[in-house]
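As structure tokens, the structure follows; a few thoughts come after it.
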Amino acid sequence: MPSTGSTADVEPGLRALLSDIEGRNVAEVPEILLKLNELLDRRSVEEPRALQTLKGRLFAAGVLQYCSEALRFDYERVEGGLGTAARVADTLSTCCVGLDPLTDKEIFYSQLLPSVAENMIFLASRVMERILQGKEEAHMIRQFWKVIDSICWLLKGHSQLISHVLQSKHYEKIQLCENEDICGILLLFLQNLIKSNSTFLTEIIPGVLEGVLDDIVYRLGCGSSAAVGGAAVKTLLLIASSNSAIADLLPRRYPGLDALLRNDWCGKGFDAEVEQLINSLYPTVCPLLLCSQGSTVKEVRAACVIQAAWRAFQIRKRMKKLPRAVSTLQRSFREKRRREELQVESKRAEEELRLQVRLRRQRALREFRQRQLYLLEIVPASQVDRYLGEVNRRAAVMIQKVWRGYRERRSFQQKKETLRQFKAAVTIQRAVMRFLKRRRALRCTLSPWKGAQGLTDAQRAELMAQVEEYITLHPGGPVSLERCREVHRRTQEMLHQYLLSRDAERRAEQHRQALVAQINTDIELLMNAPSLQEAAEVDAGVYLSRSGPVASRARQSHNALLHASRYPWWKKLGDEFHDPESALTENFAEPSENLYFG
């Protein structure tokens, strides 16, 4: 890149401009632009050689490089916004056109000019994005046209950059935009390029040319705006008239272009251009034959008469509906105006409310400060620092309290779901633990006998001490084999007798439990028995037969199970739910509460 070099032989205006550029402050771009325009205006009134000399000095000093980089700055904080950027692009294109530096030509043509073109088209894409967002649309459209005009002026002076601009991804982004104003400006840009230098159509890459042609034909096929359609027709006409090879290519690449032009774009105000384009693209085909598609002249005229009559009928029919359409249009317009007035009134009310709130806050702040000053006057001088520290501490505590409350409220929704899952898990665990506890209680009730309890460590130690004491008091001599066998036999007999007695005790315990259950059933039947006045002969059979009480008890248990199966699931998880079988077992195991204390 060219260096700024010494500024001793430079005029004061340029020296001041270079000092501002060395600072590289984005906010100073409008001032730098103003100084640069003043230098250019001062040299433009002099002889052309002085202006060329100034442009060369600007390039050598790095001013043009700075302006090129300035096109990519963030202009949100710059005075004038993107309008300032558009002025920078205009000034930069003016400086680059007509400049042929004596030194560093390679840098100027291979580095500076491509970067300037790329940054300008990047700026155009940024302005287009702002237009699509709907922010200051009319103003942004004017700035977009100004940037595109600067690009066109640069490409007219340096035609080797046309291919670079058309291949840029930012140009493709602009080309894909559906906004009618942007499409019209882009088509006018192509028309100006073709008028100034039509040879670039043969010099650019075929793929780029096909992309440009596809975009123009797409505007004709999918667009409905007369302005865009007319600009597209004029652009195609310029392309076809400037290059015969492209004129031959268009009918082959787009077979239905002639029908599209005649059916969709005739009668839109630019019929002469449409007919001229069709004649240039299809010179050997008669327009009358094109319309009739092989039919005779008489048939074509008859078809024209029928079409005219039908169109007249349609127009008269539309004219009859016109008063109704006008009333509908007026009603919709008035409704729209009423909504706009309501929006304006609501905005005005919001602004007034916001202003009142701001005034109240200012008044409250002023009163608070007056009270603070009054308190400072009352507080002794030695206690002022302590008082201010206490005030700061309370303010910090208040800020922390408000922030923590806001943070907890914001995270409450996330914690709420976690807390709900935790409570659900606790409820399920509690229900499962109660269910397992009831099952263990039922198992213990049905099988009350338990195996022998194991010895604790203390009991085991006491037994070992007794065994050792017995061995020390009764030392034994050598025992023969017959003696050991005799002792083993007696031990086995004693163990067998113990097991037989244990089985007998178990059977006796089971018999006692069965008797208790039988007595409990009989007592319950007696308590539920009808009185003697209401008793029937059939009821006597229940108390005379042993199978009757058993069947009655089984029926009760079955009814209880059926009733429990109809419980909702949430009721089965609570404390109030009891297993019907366990309830029956508890009644059998505790007859005393029901026998005598009903």
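The values are calculated or read from the model by the stated rules, or taken from the named source; none is laboratory data. Please read all numbers here as calculations on a predicted model, not as lab measurements. Note that we place each Cβ from the backbone using ideal geometry, even for glycine, and neighbour counts take in every protein chain shown. We work out accessible area using only protein heavy atoms, side chains counted, and drop any ligands, DNA or RNA first. Shrake-Rupley method; radii C 1.70, N 1.55, O 1.52, S 1.80 Å.
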Would region 367-389 turn up any residue that is open to solvent by 100 Å² or more (accessible area, probe 1.4 Å), at pLDDT 85 or above, over 30 Å from TRP569 (Cα atoms) and within 46 Å of the chain's Cα centre (by Cα)?
no
Within region 418-441, take every residue that is among the β-branched types (Val, Ile, Thr) and surrounded by fewer than 11 Cβ atoms within 10 Å (Cβ to Cβ) and give me the one that is nearest to TRP569 (Cα to Cα).
VAL426
Inside region 191-200, the number of residues satisfying the requirement of being at pLDDT below 80 and not polar (S, T, N, Q) is 1
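Against the definition (under 30 Å from CYS222 (Cβ atoms) and assigned to a helix (DSSP H, G or I)), how does ARG130 come out, yes or no? Steps first, answer last, please.
Working: under 30 Å from CYS222 (Cβ atoms): yes; assigned to a helix (DSSP H, G or I): yes.
When the stated conditions are applied, ARG130 passes them.
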Quick one: is GLU203 modelled with pLDDT under 85, within 35 Å of the chain's Cα centre (by Cα) and not polar (S, T, N, Q)?
no
Of these, THR53, THR84, which one is on the phi < 0 side of the Ramachandran plot, at pLDDT 75 or above and hydroxyl-bearing (Ser, Thr, Tyr)?
THR84
When you scan region 446-454, do you find a residue that is closer than 30 Å to ASP503 by Cα, modelled with pLDDT under 85 and part of a helix (DSSP H, G or I), even just one?
yes
Is there a residue in region 70-77 that is outside any loop (DSSP other than H, G, I, E, B), crowded, with 21+ Cβ neighbours inside 10 Å and in contact with a Ser or Thr (Cβ under 7 Å, 6 or more places away or on another chain)?
no
Kindly evaluate ALA138 against the criterion of being aliphatic (A, V, I, L, M) and either open to solvent by less than 50 Å² (accessible area, probe 1.4 Å) or touching a residue at least 24 places away in the same chain (Cβ under 8 Å) (or both).
no
Within 24 Å of TYR218 (Cβ to Cβ), hydroxyl-bearing (Ser, Thr, Tyr), modelled with pLDDT under 80 and not in a helix (DSSP H, G or I) - does that describe any residue in region 274-295?
yes
Need a quick list: helices (runs of 4 or more DSSP H) entirely within region 150-215 having at least 1 residues that are in contact with a Cys (Cβ under 9 Å, 6 or more places away or on another chain), open to solvent by less than 20 Å² (accessible area, probe 1.4 Å) and over 23 Å from GLU129 (Cβ atoms).
180-196
Expected single match for surrounded by fewer than 22 Cβ atoms within 10 Å (Cβ to Cβ), at pLDDT 80 or above and more than 22 Å from ASP181 (Cα to Cα) among PRO114, PRO101, PRO48 is PRO114
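Within region 216-240, track down each residue that is among the small types (Gly, Ala, Ser) and open to solvent by 30 Å² or more (accessible area, probe 1.4 Å). Quick ask: steps written out before the conclusion?
To start, the set of residues in region 216-240 that are among the small types (Gly, Ala, Ser) comprises 221, 223-227, 229-232, 240.
Result: GLY221, GLY223, SER224, ALA226, ALA227.
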